[in-house]
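Trainee: Here you go, one structure.
The values are calculated or read from the model by the stated rules, or taken from the named source; none is laboratory data. Computed from a predicted structure; not experimentally measured. All Cβ positions, even for glycine, are placed from backbone atoms using ideal geometry, and neighbour counts span all protein chains on display. Quick note on the areas: whole protein, heavy atoms, side chains included, nothing else; ligands and nucleic acids left out. Shrake-Rupley method; radii C 1.70, N 1.55, O 1.52, S 1.80 Å.
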Amino acid sequence: DLVSNMTSITDLYVTNKQLQAKVEELRISHRESGHMSQQIGVALEPLRYGPWIGDRCMRKAVKFERPFSKEPMFIIGFTIIDSDSSRHLRLKAHAENVSVNGFEFVCCTWADTIIYGFNATWTAFEN
């Protein structure tokens, strides 16, 4: 019984060491964050006016401060959305053309939704 307990303790120690190594790896992982803010203006016109067929998108190129070692993953979220209240709200954002050096921030609406402005944040990180 003492031997089996020793084995369990050793297994726990190894598992704990592996977990600590993974936590440390995540701590030193390359991360960058930024935001996108658009109010009424020329850049936002595709989100404000028809024709009401398919997606209407605006795009903005983003360059990272320093290159990632591989293509990063993203978290993107809206913090403010200003839209026409007489219509349904339809708005999505995502990253396209992702590389180790940057990406294209894409924000789209569709149908008859009219967007007057938005603020969005993004975080890129190595997985």
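Trainee: Do we have Asp112 as farther than 24 Å from Ser29 by Cα, loosely packed, with under 13 Cβ neighbours inside 10 Å and among the charged types (D, E, K, R) here?
Mentor: On the way: farther than 24 Å from Ser29 by Cα: yes; loosely packed, with under 13 Cβ neighbours inside 10 Å: yes; among the charged types (D, E, K, R): yes.
Yes; evaluated as a whole, the condition is true for this residue.
Trainee: Across region 93-109, which residue is nearest to Ile76 (Cα to Cα) among those that are of a type in the set (Val, Ile, Thr) and open to solvent by 30 Å² or more (accessible area, probe 1.4 Å)? Walk me through how you get there before you give the answer.
Mentor: To start, the set of residues in region 93-109 that are of a type in the set (Val, Ile, Thr) comprises 98, 100, 106, 109.
Then keep just the ones that are open to solvent by 30 Å² or more (accessible area, probe 1.4 Å); that gives 98, 100.
Values: Val98: 14, Val100: 17 Å.
Among those residues, the one meeting the criterion is Val98.
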